[in-house]
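Down below is the structure, laid out as structure tokens.
The values are calculated or read from the model by the stated rules, or taken from the named source; none is laboratory data. Since the structure is predicted, the reported quantities are computational estimates derived from the model, not experimental observations. We place every Cβ from the backbone using ideal geometry, glycine too, and count neighbours over all the protein chains shown.
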Amino acid sequence: MTEYVQPAEAQRALDEIRSRQRQVVAATPIPAWFWAATAGLMVTFTAGIESRRPALIAIVVPVFAIGLAATVLGVVLKSRAQVRGYYLGRPGALAIAGFVLVAVIVGLGTGFGLALAGFDWPATAGNAATGLVLIVGGPLLMRRLRRIMAERAARSPQGPR
């Protein structure tokens, strides 16, 4: 096609692209309540398992499964914008990987340390420590990812490739 596009029409199209990019960047992919809900479910599940009481285990397992499914579905279904991988890029992937690594190290370090000290509920304590990392760090991670996406989207009208 060799159709001539008027400058004003091209500018409107670019403005629309930039507007949609801002919507994607401004939308929080994972809301703050998700981190607290996930942390609470993890601790409840682990405490039920470590109780070694069959009746309690029979309760916490479906509560965890249904609760986690509802939490994830709540985030997915309420999401207004889908984040594209090129908006995150390597810096976003490294931020996510670093966050996961910190959460795992804190949880395992706490759990194994308390197990060595003879604590009766080390996995629950380890998951509680991991839950605190999620509750505090999750929103910080989302802020960092929004900043990364905004920087990458600003580089090009169509977004980085």
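Closer than 30 Å to Ala13 by Cβ and basic (Lys, Arg): does that describe Arg52? No. Looking only at segment 45-66, which residues are within 17 Å of Asp120 (Cα to Cα) and in contact with a Leu (Cβ under 6 Å, 6 or more places away or on another chain)? Listed by number, the list holds a single entry, Gly48.
Table: residues versus (1) closer than 23 Å to Leu141 by Cα; (2) not hydroxyl-bearing (Ser, Thr, Tyr).
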| residue | (1), (2) |
| --- | --- |
| Thr44 | no, no |
| Ala47 | no, yes |
| Ser51 | no, no |
| Ile57 | no, yes |
| Ala70 | yes, yes |
| Val76 | yes, yes |
| Ser79 | yes, no |
| Tyr86 | yes, no |
| Arg90 | yes, yes |
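Quick check on segment 43-60: of everything there that is among the small types (Gly, Ala, Ser) and farther than 18 Å from Gly111 by Cβ, which residue is surrounded by the fewest Cβ atoms within 10 Å (Cβ to Cβ)? Among those that are among the small types (Gly, Ala, Ser) and farther than 18 Å from Gly111 by Cβ, it is Ala55.
The residue that is nearest to the chain's Cα centre (by Cα), among those in segment 86-132 that are on the phi < 0 side of the Ramachandran plot and not in a helix (DSSP H, G or I), is Trp121. Within segment 39-62, being hydroxyl-bearing (Ser, Thr, Tyr) and free of Cβ contacts under 8 Å to residues at least 12 places away in the same chain holds for one residue alone: Ser51. Residues that are of a type outside the set (Asp, Glu) and out of contact with any helix residue (DSSP H, G or I) (no Cβ under 7 Å at 6 or more places or on another chain) within segment 113-125 comprise Gly113, Leu116, Ala117, Gly118, listed in sequence order. Only one residue in Leu116, Leu73, Leu101, Leu140 is over 24 Å from Ala36 (Cβ atoms) and either surrounded by 14 or more Cβ atoms within 10 Å (Cβ to Cβ) or at pLDDT 85 or above (or both), so which one is that? Criteria check complete, one pass: Leu116.
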